[in-house]
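**Student:** Okay, handing you the structure first.
The values are calculated or read from the model by the stated rules, or taken from the named source; none is laboratory data. Since this is a predicted model, take the numbers as computed values, not measurements. Positions of Cβ are backbone-derived with ideal geometry, glycine not excepted, and every protein chain shown enters the neighbour counts. Calculation scope for accessible area: heavy atoms of the full protein, side chains included, ligands and nucleic acids excluded. Shrake-Rupley method; radii C 1.70, N 1.55, O 1.52, S 1.80 Å.
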Amino acid sequence: MRLPDNLYFCRVNSLSVRSEEYDVKILPRNRKPSQDFETMKKAIIIPIAVLATVLAIVIGGSFYMLGYSLNADPNRHDTDSAWADLYARVPDMRPWVDSLTDKRLLRDTFVTMPSGERHHALYLRSDSARGNTAVIVHGYKDSAPKFLFLGRMYHRDLGYNILMPDLHAHGQSEGDYIQMGWKDRMDIRHWTEVAERLFRDSISPSRIVVHGVSMGAATTMCLSGEPNLPSYIRCFVEDCGYTSVWDEFALQLKEQFSLPEFPVMHTASLLCRLRHGWSFGEASPISQVARCRRPMLFIHGDADSFVPYSMLAPLYKSKPQPKMQWTAKGSEHARAYIDHPEEYTAAIRRFLAEANP
């Protein structure tokens with residue numbers, strides 16, 4: 001059989017031996033091999049370009065997320081605004097602070113941390129402390145003055161000495177990146193050593209409660225699971241802390257940006273490990289409280305949506321006895337004391353009567 005003049009090549013695709021029939025595909029004479037090569041090149045280059053674009057977006061998003069979450073507040077050294085924030089939230093704090101300031105009782109201290117950084121704290125001695133001290137830890141992008149209302153509760157109502165540090169990269173403490181409570185746990189351990197020396201009583205033994213709010217609560221829980229804590233750290237109070245940095249960041253990624261965990265959470269966590277030495281999953285208060293054998297009081301407002309109230313139950317379940325919990329009815333994030341000062345103080349008093357008699 002003679003092929004038409006405009007056809008020059010044939011390819012055998014399949015062969016049936018019995019019937020001796022052939023399936024023949026006739027290719028046009030004007031189709032050149034270079035065209036096949038160009039088609040194949042496009043089939044390879046286009047997916048690679050799409051993949052590279054997606055990777056660039058994910059990596060860029062991870063850098064943005066890490067900076068958005070962990071970069072220190074550029075105005076963190078503005079102490080005037082910190083005091084103004086305290087007086088706006090709790091107006092009756094001003095005369096108490098003014099009285100202490102006039103008598104030079106409320107003082108600042110700076111210490112050099114094991115990292116070499118210079119960190120700051122407020123402290124106030126109580127004549128009736130008998131060795132009792134509260135180390136109070138503030139929340140995310142806050143500072144010690146903003147939570148001095150808790151210091152007043154411990155000092156005025158419970159007779160405790162108080163020491164209130166500014167965390168790494170907060171307030172007057174040095175540092176460029178927020179640590180979300182994970183590395184902060186070791187800084188607070190160092191501050192308990194400072195408090196023990198500062199308030200040491202020749203008659204009564206030192207007894208310290210560590211009390212944190214929000215990220216300060218996460219710091220407190222992370223500290224609670226550390227091995228070989230000194231015996232003078234008697235108990236812990238966590239107020240509206242999160243289960244893990246991963247859980248909290250994943251929630252905010254969904255709430256603020258409508259994005260799923262994968263892939264940005266995974267790449268941002270890896271980037272955090274490379275840049276700062278820790279990962280989102282590693283920074284896990286819920287894992288740390290599971291190792292804690294000392295008393296802990298859990299506090300949470302049932303209207304909290306920033307660190308959801310639903311995080312309280314798994315945290316409480318994870319912690320072995322002894323433990324207590326108290327729910328602030330109708331309170332949003334970090335407002336339990338402000339909304340219920342008497343009930344809050346009573347809950348602390350009941351807890352300390354058992355945990356630090």
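**Student:** Does T112 fit the bill of being β-branched (V, I, T), at negative phi and modelled with pLDDT under 95? Can you show your working first?
**Tutor:** Values: β-branched (V, I, T): yes; at negative phi: yes; modelled with pLDDT under 95: no.
Here the answer is no, as T112 does not meet what is asked.
**Student:** A further question follows. Hey, among the residues in region 314-328 that are of a type outside the set (S, T, N, Q) and more than 17 Å from Q288 (Cβ to Cβ), which one's least open to solvent (accessible area, probe 1.4 Å)?
**Tutor:** A328
**Student:** Separate question: From the set of residues in region 70-97 that are free of Cβ contacts under 8 Å to residues at least 60 places away in the same chain and part of a loop (DSSP other than H, G, I, E, B), which is nearest to C272 (Cα to Cα)?
**Tutor:** Pass one, region 70-97, residues free of Cβ contacts under 8 Å to residues at least 60 places away in the same chain: 74-75, 78, 80-81, 84, 87-88, 91-95, 97.
From what is left, the residues that are part of a loop (DSSP other than H, G, I, E, B) are 74-75, 78, 91-92.
Working: P74: 20, N75: 23, D78: 27, P91: 39, D92: 41 Å.
For region 70-97, the residue satisfying everything is P74.
**Student:** Quick check on region 106-125. Is at least one of its residues among the basic types (K, R), outside any helix (DSSP H, G or I), closer than 30 Å to Y232 by Cβ and within 28 Å of the chain's Cα centre (by Cα)?
**Tutor:** yes
**Student:** Consider only pairs whose beta carbons are under 9 Å apart and that are at least six residues apart or on different chains; among these, list those whose first residue lies in region 329-352 and is polar (S, T, N, Q) and whose second residue is assigned to a helix (DSSP H, G or I).
**Tutor:** From residues that are polar (S, T, N, Q), the pairs are S331/Y337; S331/I338; S331/D339; T345/M153; T345/D157; T345/Y337.
**Student:** Among A169, A144, which is the only one that is farther than 19 Å from N356 by Cβ and in contact with a Pro (Cβ under 9 Å, 6 or more places away or on another chain)?
**Tutor:** Details: A169 fails: in contact with a Pro (Cβ under 9 Å, 6 or more places away or on another chain).
Result: A144 is the single residue among A169, A144 that is farther than 19 Å from N356 by Cβ and in contact with a Pro (Cβ under 9 Å, 6 or more places away or on another chain).
**Student:** Further question: Out of L66, L100, report the one residue that is at pLDDT 60 or above, of a type outside the set (V, I, T), surrounded by 12 or more Cβ atoms within 10 Å (Cβ to Cβ) and over 24 Å from M215 (Cα atoms).
**Tutor:** Of the residues listed, the single one that is at pLDDT 60 or above, of a type outside the set (V, I, T), surrounded by 12 or more Cβ atoms within 10 Å (Cβ to Cβ) and over 24 Å from M215 (Cα atoms) is L100.
**Student:** R189 is checked against (1) touching a helix residue (DSSP H, G or I) at 6+ places or on another chain (Cβ under 7 Å); (2) over 18 Å from P114 (Cβ atoms) and fails just one. What number does that condition carry?
**Tutor:** (2)
**Student:** Scanning region 254-311 for residues that are assigned to a loop (DSSP other than H, G, I, E, B) and of a type in the set (F, W, Y), which turns out surrounded by the most Cβ atoms within 10 Å (Cβ to Cβ)?
**Tutor:** For region 254-311, the residue satisfying everything is F280.
**Student:** If a residue must be of a type in the set (D, E, K, R) and in contact with a helix residue (DSSP H, G or I) (Cβ under 6 Å, 6 or more places away or on another chain), how many such residues does region 287-327 contain?
**Tutor:** Filtering region 287-327 for residues of a type in the set (D, E, K, R) gives 291, 293-294, 302, 304, 317, 319, 323.
The next check asks that each one be in contact with a helix residue (DSSP H, G or I) (Cβ under 6 Å, 6 or more places away or on another chain); those that pass are 302, 319.
The number of residues fulfilling the criteria is 2.
**Student:** Looking at (1) open to solvent by 30 Å² or more (accessible area, probe 1.4 Å); (2) under 25 Å from E332 (Cβ atoms), which is the one condition that is false for A82?
**Tutor:** The number of the failed condition is (1).
**Student:** Those residues that are touching a His at 6+ places or on another chain (Cβ under 8 Å) and either closer than 21 Å to E342 by Cα or surrounded by fewer than 24 Cβ atoms within 10 Å (Cβ to Cβ) (or both), I need them from region 116-141; list them, please.
**Tutor:** E117, L124, S126, A134, V135, I136, V137, H138, K141
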